[in-house]
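I have placed the structure first, in the form of structure tokens, so that the comments after it can refer back to it.
The values are calculated or read from the model by the stated rules, or taken from the named source; none is laboratory data. From a predicted model like this one, the values you see are computed outputs, not experimental measurements. Don't worry about glycine lacking a Cβ; one is built from the backbone with ideal geometry, like all the others, and counts go over all protein chains shown. We work out accessible area using only protein heavy atoms, side chains counted, and drop any ligands, DNA or RNA first. Shrake-Rupley method; radii C 1.70, N 1.55, O 1.52, S 1.80 Å.
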Amino acid sequence: MTSAARSAPLTTRRFEAVAVGDALPELALPITVTGIVAGALASRDFTPVHHDKAAAQAQGMADVFMNILTTNGLVGRYVTDWAGPDAVLRNVAIKLGAPNLPGDTMKLVGTVKSKDEAAHEVVVEIAGKNAWGNHVTGTVRLVLPAASGAGGAR
Amino acid sequence: MDKPELEATLRGFVGRETGPPVEGPDPVNEVMIRHWCEAMGDANPVYTDRDAAAASVHGGLVAPPTMLQAWSMRGLAMADLRQQQDETHSDQQLALHELLTQAGFPSVVATNSEQGYTRYLRPGDRVISHTVVEAISGEKATALGIGYFLDTRTIFRDPAGDELGWMTFRVLKFKPHAQPAAAAPDPAAAPAKPRRLRPPLGHDNQWWWDGIAAGELRIQRCRDCGTLRHPPRPMCGRCQSIAWDWVVSRGAGAIHSYVVLHHPPVPGYEVPLPVVLVDLDEGTRLVANLAGRKPAEIRIGMRVQARIEAMDEEMKLPVFHPAESGS
Ligand SMILES: [Zn+2]
């Protein structure tokens, strides 16, 4: 959620170099009011519960909480941080559980679940856990380039 | 509007489009992409670095695919309640939300999103979204409160009609618990301890929970054939009579079966959590948690005694304990 957490992917993983069961490196994201509001506004989501504490409390939450578009953006980023810039996302499916509230930390983890040799597609299963349990669980399907070049990636 | 009437009205929305296709207010553009990448901490150069993007598999700048929905969001208008009400006439999704708000379910959270990316968007692309209400659940008890799940499906197209991507989206429209977890005195402290799921209350089961509040474990009894039944329901399964009253159980019984919940973790519940199905001495069965025994010590046939205990400041539940020895 902060620029300090940015990481620049430089090289792209090749389809052949990825195996089912590979683990993605864990990414710990501190959850802050600033980060929640920045994500909500960048996604054009002005629903008050994502920037106005009183509105969030009227809904039974302790504070403003992360919107689903930001969670989705973070999940996409987490997978492409690992996969590299020439990876092409095909599908992102997420389910939200415990809300992401300021003061908490979300730890994203991921595992390669399957590979489709014909399509050069990989499915990564992800989870983002905070102090309450899973904030998000889901799957990301992406295309990785072939070792011989970019031929299989488009 | 009573519950059957509400649910019938809700069903009328299923299959309907939320309105005509809507064009996003801005074309895909580098400024909004950069703001998104800043907020997400996403340094992938294909989104913001023209040279790197030109050399990439995309051949030029693209938008993060997960931004798909952002291009058609309504922006600041989403925070303006009066404007929302004006628009409920034209927007079926807003009308649906307003109907549930009026029915006592004012709050909303998104719970599921699935997006498919037919192609990556590039600066200059225009995005037109078209949304249909796909499904509406019955009343559900959730960690946040009681409510309804609303499913929509959106197709995103360019002005020529070619598909750019699609999304299925689920929100929960709910009645929050009376006392917000918000009342935590120290805002800097860790998030307040979540509480247990609340049951949906209605004509058929309110009397049972009233009994629990009064410290009584009630069992429904058929007034025609005398058969006991639990959980509460309107009709006798043996003779189909809808006449009923109740008896008060002593809460004593024997474990008929059990499970120990380890996964998934649910806010408000501590695992491992033993859940027992008990043959009550009066002659019906009751599911509840078991306290006072480790999972490995639980045995089928073990004698247990229910006590009604407070789970938090609002909610009481029966909990089984090992019976005193000799019983
Ligand atoms: Zn009967």
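Computed quantities for the displayed model
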item: Rounded to whole Hz, the Karplus (6.51, -1.76, 1.60) HN-Hα couplings of the stretch B:7-21, x for glycine and proline; result: 5, 5, 5, 4, 4, x, 7, 5, x, 8, 6, 6, x, x, x
item: Under-5 Å amide H pairs with residue A:105, H placed in peptide plane, nonlocal only; result: A:31, A:131
item: C-alpha long axis of helix A:68-83 to longest principal axis of chain A, angle in °; result: 30
item: Cβ-based net charge around residue B:222, under 12 Å, with every Lys or Arg adding one and every Asp or Glu removing one; result: +3
item: Cα-centre dipole for the stretch B:206-322 with unit charges at Cβ (Lys and Arg positive, Asp and Glu negative), debye to 20; result: 460
item: ³J(HN,Hα) computed for each position of the stretch B:95-105 - Karplus, 6.51 cos²θ - 1.76 cosθ + 1.60, integer Hz, glycine/proline x; result: 4, 5, 5, 5, 4, 6, 4, 5, 7, x, 10
item: Within a Gaussian network of chain B (alpha carbon springs, distance under 10 Å), most fluctuating of B:131, B:168, B:66; result: B:66
item: Leading residue at positive end of dipole, the stretch B:207-324 (Cβ point charges), from B:310, B:213, B:251; result: B:251
item: Modelled FRET efficiency - R0 51 Å, residue A:28 with residue B:50, Cβ distances, 0.05 increments; result: 0.95
item: Positive-end extreme of charge dipole, the stretch B:1-144 - chosen from B:22, B:143, B:10 (charges on Cβ); result: B:22
item: In the A-B interface, the accessible area buried, summed over both sides, Å² (probe 1.4 Å); result: 4400
item: By accessible area with a 1.4 Å probe, ligands and nucleic acids excluded, highest first: order of B:225, B:37; result: B:225, B:37
item: Gain on full stretching of the segment that runs from residue B:203 to residue B:316 - 0.36 nm per residue minus C-alpha separation; result: 38.8 nm
item: Accessible carbon and sulfur surface of chain A relative to its total accessible area, %, 1.4 Å; result: 54
item: Whole-Hz couplings from phi, Karplus 6.51/-1.76/1.60, listed for the stretch B:157-163; x for Gly and Pro; result: 10, 8, x, 7, x, 6, 6
item: Cα-based helix-to-principal-axis angle, B:30-40 vs chain B, degrees rounded to 10; result: 30
item: Heavy-atom accessible area ranking, 1.4 Å probe, most first, across B:67, B:73, B:1; result: B:1, B:73, B:67
item: Cβ-based net charge around residue A:64, under 10 Å, with every Lys or Arg adding one and every Asp or Glu removing one; result: -1
item: Pairwise centroid distance, computed over Cα atoms, of the stretch A:48-113 with the stretch B:119-173, Å; result: 17
item: Partners for residue A:113 among lysines (Cα-Cα distance below 19 Å; same-chain residues under 8 apart left out); result: A:95, A:129
item: Translational diffusion of chain A, µm² s⁻¹ [Kirkwood Rh, Cα pairs; Stokes-Einstein; 20 °C; 1.002 mPa s]; result: 132
item: Gaussian network model of chain A, Cα within-10 Å springs - most flexible of A:25, A:48, A:99; result: A:48
item: Counted charge near residue A:116, where neighbours are those whose Cβ lies closer than 12 Å (Asp, Glu -1; Lys, Arg +1); result: +2
item: Simple Cβ-charge dipole of the stretch A:15-143, Lys/Arg +1 and Asp/Glu -1, about Cα centre, in debye nearest 20; result: 300
item: Estimated inter-spin distance, residue A:54 and residue B:235, nm [label 7 Å along Cα→Cβ]; result: 5.1
item: For the protein assembly as shown, share of DSSP beta bridges that run antiparallel, in % to the nearest 5; result: 95
